[in-house]
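The values are calculated or read from the model by the stated rules, or taken from the named source; none is laboratory data. Since the model is a prediction, treat every value here as computed from it, not as a measurement. Every residue, glycine as well, gets a Cβ built from its backbone with ideal geometry; the counts of neighbours run over all protein chains shown.
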Amino acid sequence: MTIRKLNETVIRRLRASLVITSIAQCVLELVQNSIDASATTIEIRVDVSTYYVQIIDNGTGMSPEDLKKVGQRYATSKCHTLDELQKVNTYGFRGEALASIAEEAVVEIISKHSGCYDTYSKTIKGGQLIQYGPTRYNNRRSSGTTIIVRDLFYRYPVRRRQQAQTPASFANEIDSVKRAVETIALIYPNIIFTLIDTSRDAKIVMTRKTNSSISTFRQLFGVSLSQHLESVSEEENDFVIKGFISTRGLPSRQHQYFFVNNRLIAYNDIHRTIDELFAQSSFPNRVNDTLDLISSMEISSDQRQRKSMGKCPVYLLQLTCAATEYDICLDPAKNIVEFQNWGKLLKL
Ligand code: ADP
Ligand code: MG
């Protein structure tokens, strides 16, 4: 057996398949790019049966020079030094998403930079540049970017088979996309999000601009679910927590959102602690003692009623802290987090 270094093509392909694992993941990366580009309107069109994703934003756009570089691995405008990495406050910082999507699909990027007269476009298929130059395409905006992804995972028939082959699995996949968009819309109440399932020509997510996450939650999930939500805002130990939490429980954890510096975090000790405290009749007093986050809440509902309603509180909590407090790179999707000092956060 001899050891040989993998060639560039193999490396690119292996890495790409790790970074973008599903249609929902692809949508999320593109939406995050639009948010990083200060977009206030983001329209997403998806057909899961044909592996098609289109995203139209009114962000800053890319200059023709930047567009030329985009889609190459590790090409990013967001972070260039180790020092900047410590302070990164954008979703992106590795320059991997577009390169990975372009490796696995046909990608057309059309962009107009606010400081440029012309709109430019670029097409990449399977990592190969197909076209680049000025285009007549007009997105009717003074600046912005449109990205069209066709035939995602065309090289991965097994992944496709696993994800979306039957009407039931299509429904599952579009549901994941819907949930990804709803979740990010919740923490950007000032951005207008539209998600269209183009296979049915149906608008499945539509938010209007509001000034609070609770109002966006009400728009997305209706008045009855939003009835018992209380705003939360606390600062403790260099951690700032804000958002809302319900005084009544639900039978499922469907509406439990915990964000660390605007990234949704997978179920972990924080969620477990909040659930446990809620299940115990001591809630919210022990939360006050621990996370110290809901002192602004007045719980008037009685414990028995809460128990009969289910044990999972609805909440959306946004933790803001220094990037040095935690490591977000434990998985490529960046939704597993490890804190330097869990005790400091949970105060258990
Ligand atoms: P990252 O977000 O980590 O920088 P990406 O591959 O997602 O990496 O994007 C590469 C670069 O392309 C970004 O740094 C940004 O400069 C540019 N870009 C991507 N999407 C957009 C967009 N919607 N609007 C403006 N610029 C964009
Ligand atoms: Mg990105």
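All conditions in (1) surrounded by fewer than 19 Cβ atoms within 10 Å (Cβ to Cβ); (2) of a type in the set (Phe, Trp, Tyr); (3) touching a helix residue (DSSP H, G or I) at 6+ places or on another chain (Cβ under 6 Å) hold for Phe221, with the sole exception of (3).
If the condition is being among the small types (Gly, Ala, Ser) and not in a loop (DSSP other than H, G, I, E, B), then the range 190-234 contributes Ala202, Ser213, Ser215, Ser231, Ser233. Of the residues Arg208, Arg263, Arg200, Arg179, which is under 22 Å from Cys26 (Cβ atoms), modelled with pLDDT of 95 or more and surrounded by fewer than 21 Cβ atoms within 10 Å (Cβ to Cβ)? Residue meeting the stated conditions: Arg179.
Looking at this structure, is Tyr52 more than 18 Å from Ser111 (Cα to Cα) and near ligand 1 (Cβ under 10 Å from one of its atoms)? Against the criterion (more than 18 Å from Ser111 (Cα to Cα) and near ligand 1 (Cβ under 10 Å from one of its atoms)), Tyr52 does not qualify.
Yes or no: Val107 within 16 Å of ligand 2 (Cβ to nearest atom), part of a strand (DSSP E or B) and either out of contact with any Asp or Glu (no Cβ under 9 Å at 6 or more places or on another chain) or farther than 15 Å from Val31 by Cα (or both)? So Val107 fits the description; yes. Identify the single condition in (1) at pLDDT below 90; (2) surrounded by fewer than 18 Cβ atoms within 10 Å (Cβ to Cβ) that Gln131 does not satisfy, given that it satisfies every other one. Single failed check for Gln131: (1).
Could you list, in sequence order, the residues of the range 78-104 that are among the hydroxyl-bearing types (Ser, Thr, Tyr) and either more than 14 Å from ligand 2 (Cβ to nearest atom) or outside any helix (DSSP H, G or I) (or both)? Across the range 78-104, the qualifying residues are Thr81, Thr90, Tyr91. For the range 128-145, the criterion of being part of a helix (DSSP H, G or I) and among the charged types (D, E, K, R) is met by no residue. Here Ser63 meets each of (1) within 12 Å of ligand 2 (Cβ to nearest atom); (2) out of contact with any Ser or Thr (no Cβ under 7 Å at 6 or more places or on another chain); (3) without any contact (Cβ under 8 Å) to a residue 60 or more places away in the chain with one exception, condition (1). Look at (1) at pLDDT 80 or above; (2) under 20 Å from the mean Cα position of the chain (by Cα) and you find that Lys87 fails only one, number (1). Considering every residue within the range 11-19, establish whether at least one is modelled with pLDDT under 95, touching a Phe, Trp or Tyr at 6+ places or on another chain (Cβ under 9 Å) and assigned to a loop (DSSP other than H, G, I, E, B). No, every residue in the range 11-19 fails to be modelled with pLDDT under 95, touching a Phe, Trp or Tyr at 6+ places or on another chain (Cβ under 9 Å) and assigned to a loop (DSSP other than H, G, I, E, B). You will find that of Ser34, Ser49, Ser38, the residue that is over 16 Å from Ser100 (Cβ atoms), in a helix (DSSP H, G or I) and modelled with pLDDT of 85 or more is Ser34 and no other.
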